Every structure is written in structure tokens, then in C-alpha cells.
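Below: one structure, written as C-alpha cells.
Bear in mind that the values in this text are calculations on the coordinates, not laboratory data. Because the structure is predicted, anything quoted here is derived from the model rather than measured. All Cβ positions, even for glycine, are placed from backbone atoms using ideal geometry, and neighbour counts span all protein chains on display.
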Amino acid sequence: MGKITQGSWVESANRPGNDFPIENLPYGTFRLSAPQQLARTGVAIGDQILDFTSVAEILGAEAIPAPLRQGDLNAFMAMGPSVRQSFRHQLTGWLGADASEASRLKAALVPQSDVQMQLPCRIGDYTDFYASIHHATAVGKLFRPDAPLLPNYKWVPIGYHGRGSSIGVSGQQIVRPTGQIKAAADGQPPEFGACRRLDIELEVGAFIGAENMLGQPVSMTNAEDHLFGLCILNDWSARDIQAWEYQPLGPFLAKNFASTISPWIVTMEALAPFRVPTQRPADDPPPLPYISSPEDRSQGGINMTLEFLLQTAKMRAAGQPPQQLSVSNLRYAYWTFAQMLTHHTSNGCNLQAGDLLGSGTMSGPKPSEAGSLLELTAGGKAPVMLANGETRTFLEDGDVVVLKAYCESPDAVRIGLGECVGWIQSALR
């Protein structure tokens, strides 16, 4: 079976390798160049944005769901999958190659290069998981060589509650954090200073759509109905601060200084052609019944390529593009997003539209598939050699990190999630 392509009258959407063909149609929030303009919502199509405010003016208010006319993606997300799926069908009809409305809707297109992308929605709460067993094992070997994987890992999706207020959109400037760092000699007081082991975490984020009430868990049967879509996530880490503070209560200041996401939310419908079986080894214990289902085992995984690229200040000055340091895949996740969501609500916790779940660093089994510098450099002991002769163990001021993600298959049109970019700035003095 070959690819079935529809094509769009928006020519840039038909270019090979383009992240946003008509099969994608991810949602985002943006502002036009004038600072007084209110935020608007739209979908990416090629190198353009279909502006819902303009569509409503051209086709009539009833053509666009009220929350999207008002620039409120959260309220649209909360309406659930049936509304989203119905509107996706309408969007595909408007943007298809033979659309009767093409001549009118051209005026509703805005070049992506002309807008300032915002966070796609209001993020009330953020929970980061630890879903890559390869990452958990690799990090565990650095600190616990005799028992790298803790005994609960294969039974329970491990997570921690992060900080929603410090999540920014791609292009974010990351100020090097300061904090307490363990003294080099045992028995000496810790020092307070700038992080020296600043790291990235190559992750995927999942946005909650339909909400659940407090005290009402979400079952595996219904979990996917509560997922709106995915983005790229970089949950920056201050490894030296983290090593000193994380016991006994886990991540704190080493994680909450910044997280960065890509600006577009790719819906679960767009990802449907890339669903794959989960990869739990046959001799591992099966998940407990409340986080297990035949559907999740057969198609809970997602075949999504993830890339980590780095551009140093010297590379940028010389006109050199970012260099790829690793390539991984979301299909390596030991726990699926449905399992994470179901476990998160199993105690009655209520999730709200716009809440964000992070996959945790998504590393693969090979060294070249590491999703962090901590793994790539064996804890800082084996620096990465860059093409221009520079080396890196951890991030330095002026470095730009670029994360990319895309899905491709012989039987489906390639779609992408765009980029997640962060620029390291010096610590505040």
C-alpha cells in the first residue's frame, strides 16, 4: 500500500519534507506584528497559518467554534474529541486542493514568518514522567552501578509535578540557573553559585483536552479521549544542583527554572497513521490491570523520530548550522501517554484542559540515541567532539539547542511537530 495524499491549494504544504501538510493541521496561538493585537488561534498549513479570526470574518462566525474565534484554545480543547474531529474534517475540506472556498480563504492566511508565536494554550499544571527505560537505566548506572533500575520502575509510571509558570515557547532565552551545589570534598558546606552542568532533556509533551472531575479516575478505555495532542518538550536540567537536592523529595530548583515547548500542538488524529505496538519485553512483568488494555498494547506507541542539535556561539559566528548530536524515537517509551494519564488520575486527581504531561527524557538503547548530554558524555567524563573542533560536556553560555520531531511511514504522508529552540544566557549576577 502506497501513500495516499490529498494535497492542498496552499502550495507550501505540498513540498516534500514540509512539517505541516494538510494531513497535519496542528493548532497554535500567535500575535500579529502590532503589539496591541490580541492573541489569535489557527492551524499551520505549509509555511502559513490559517487564522481563525479571519476565517470567521470571511465565512461567518458560525463557521468557527466560538472558543477559537475568541483565541481560547483551552476552551476548544475541553470540548472533547468529537468536536475536534468534526472541525478537522471541516478544515480539511477548506484547505484541500479542490476546495471551493480557496479563493476566499486566501485572505485568511498569515505567513508564519510574520507572527510571534505564543504558548499554544494556558498551561495550568505540568507533570513530567520518566517513560524511557533506556534513559532510566543509563542514568542509574552513573549513580548506582550495582542496581541502576529501581524495583518500582517496571510497575508504576514514575513522575513529578513541575512548574507550569516557567514553561516558555520555542525561542525562549534560558538564563543559567543558580543554586546550591555539593562541595567537592565530603564534609564541607555546599556552595551557592551558577550551574556548571546545564543539560537538555529530549522529550515529548502531551496536552490534556477533555477534563475529568475531581475524584473520578480515567480508565484506559477512555484515556485517549482526554488527550488533545503532542508537542516537543525540553525540560532543562541543572545536573549539579539536582544531584545535591533531589533526595528525599525529588526534583526542585534544578528543574523549575525553565521548560520549553514547540509552538504547535499536533492532534492525536494526525498521529493516527503512526501508532505502533508498545515495546515492553516479553519477560517483563505485565502492567497491573488498571493501566493495561489490548488497544494500548497494540497501538499505544507512536513512531516519532526525535532529534537533538546544538549550535555554539562560534558555529553561529562562522555561519555554521546546528550539528545533530543524537536521534531517538518516541516508540522507545516504556509507558504510553494513555498509561501515564490513567495512572495520574487513578487516585482521583483531576486534569484540566491545557495541562501538560511530559514523557521524560526519551533515550533509545544505543549511545547515539541518548536524549541528554548527561548520557552522551557519560556524566561529563567523555566530552562530545563537535565538527568545528569544540567540545561539550554540558551546555555553555551562547549555545543554542534545537529539538526536532517528525513522523514518517511508507504508507503515510510525513508530518512534523516543528522545532523547539532554546538559547543559553549567562547567569544573573
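Per the Debye formula with a single identical scatterer at each Cα and no solvent contribution, what log10 I(q)/I(0) holds for region 255-413 at q = 0.09, 0.14, 0.20 Å⁻¹? Taken in order of the listed q values, log10 I(q)/I(0) reads -0.39, -0.88, -1.38.
Computed over neighbours whose Cβ is under 11 Å from that of GLY300, the net charge equals +1, Lys and Arg +1, Asp and Glu -1.
Note on region 126-425: lysine pairs with Cα distance below 19 Å, sequence gap of 8 or more or different chains, count 7.
Legend: P(r) of the chain from all alpha carbon pair distances, 10 Å bins from 0, whole percents, reading 4, 21, 31, 26, 13, 3, 0, 0.
For the Cα trace of region 11-117, dividing Rg by the Kirkwood Rh returns an Rg/Rh value of 0.94.
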